[in-house]
Amino acid sequence: MNQKVLILFIALFTGFAALAQNDYLDADAEDVEKTYIGGEGHDVKTYPQTFKAKKPKNVIFFIADGMSLPHLHAALTANKGNLFIENLKYMGLVKTHSADRYITDSAAAGTAFSTGTKTYSGAIGVDVNKKPIKTILEEAEEKGLATGLVSTSSITHATPASFIAHQESRNMYEEIAADFLKTDIDVFIGGGYKHFTERKDGRNLVEELKQKGYRVEQDINTIKNVKEGKLAGLTASEHNGRMDERGNMLPVATNTAINILSNNKKGFFLMVEGSQVDWGGHAGSTIYVVEDMLDIDRAIGKALEFAAQNKETLVIVTSDHETGGMTILDGNYETGMVKGEFTTGGHTGIMVPVMAYGPGAEQFTGIMDNTDIHNRIRKLLLGN
Ligand code: MG
Ligand code: ZN
């Protein structure tokens, strides 16, 4: 072997070795997202299980978009064995399929919760024939109850939209925003400012909201001081950022909505969505899933604090579907470390948990359909 060939071999070998090294590093970088290394977590409280009546005056309905047992258990491990959610002693499992798909999307699942009707994937508050169906929020409003929506995504995104809008596609954000003006919703807090202002039809819905008597605010630090009246909180142009950017927006918004809605003596219906558990699942990121599960747990803590004192409030926590085909491969209750794995970048058809606290909570046990959740809330809150 002459020297030149030898040098070429060495160069090639070093090159391959470097490449292999980089491949390894890249694989490792991906794995980094799959392990939540642990953190401080939050303190949780145990609340009494004594209530005033058999039926609730108020319902606070939480949707952790994309959550099933692995996401919940990841958060439980990350928070070193305790969550506010554990105050919800009555539990069941929910079948999530839509009218046309074994594996649903958030629009059809949201519409099942809001109307009690299975519809096609992508539908917002309409049935399989694209006919509008009155939502529980609209019915509560008709009965004189106060109503609210809170979300970490745009407030026009599929989950919150399905409680207030009637459109044949979840992508019709501007039409969905305009549907907010057709209701008398008392409070909504989420992203989506641009869908109210930068519109093809030239309407400025923020101005229209103000004319309808809404206070419109964009800063969560201003929003949190609002105690009464009608409030439109649009905290981002589109979606709110991840935890490091949006901070405690969700627990603060939840608390603010409860403050305002609880002024109504007839009661209230509030839906709160932790939108981004789903996005963590799509991204195959245990870190993202854990951060957003802990975030919604703190928001649930705010609801429980009110409900425990009020004693006439039913708090329900569930999900629209599972995302990521997540499982847990390792964890540590002392450090909060949790190692997840994901089997898909999409949704799966597995059942999701439903948990409840307060008067009527015992109704949410066993295996049920997502439409049953609507029917039970409606019977308990509206009496039919
Ligand atoms: Mg959602
Ligand atoms: Zn999703």
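Over the range 56-382, accessible surface divided per residue gives 34 Å², non-protein components excluded, 1.4 Å probe.
Computed over the chain, the P(r) tail beyond 41 angstrom holds 15 percent of alpha carbon pairs. Counting only GluC sites (Glu not before Pro) that DSSP places in a loop and that have at most 12 other Cβ atoms within 10 Å, the longest clean stretch of the chain runs over 41-197.
A simple count of charges around residue 369, restricted to other residues whose Cβ falls under 12 Å of its Cβ and scoring Lys, Arg +1 and Asp, Glu -1, yields +2. Basic side chains Lys and Arg get +1 at the Cβ, acidic Asp and Glu get -1 at the Cβ, and with that the dipole of the chain about its Cα centre reaches some 1520 debye. Taking a straight line from the alpha carbon of residue 34, these lysines sit under 16 Å away, with near neighbours fewer than eight places off in the same chain left out: 339.
With a 1.4 Å probe and every protein chain kept in, tell me what percent of the accessible surface of the chain is carbon plus sulfur.
On the way: 8360 of 16240 Å².
Here it works out to 51 percent.
Taking Lys and Arg as +1 and Asp and Glu as -1, the other residues whose beta-carbon sits under 12 Å from that of residue 159 total -4.
Taking 26 Å as the cut-off for C-alpha to C-alpha distance, list the pairs among 227/265; 194/230; 182/265; 227/379; 95/230; 89/379 that go past it. Display every interim value, and only then the final one.
Details: 227/265 15 Å; 194/230 20 Å; 182/265 23 Å; 227/379 29 Å; 95/230 35 Å; 89/379 20 Å.
Too far apart for the 26 Å limit: 227/379; 95/230.
The values are calculated or read from the model by the stated rules, or taken from the named source; none is laboratory data. Here the structure is a predicted model, which is why all the values come from computation and not from measurement. Cβ: placed from backbone, ideal geometry, glycine included. Neighbour counts: every protein chain shown. Please note that ligands, DNA and RNA were not included when accessible areas were found on the heavy atoms of the full protein model with its side chains. Shrake-Rupley method; radii C 1.70, N 1.55, O 1.52, S 1.80 Å.
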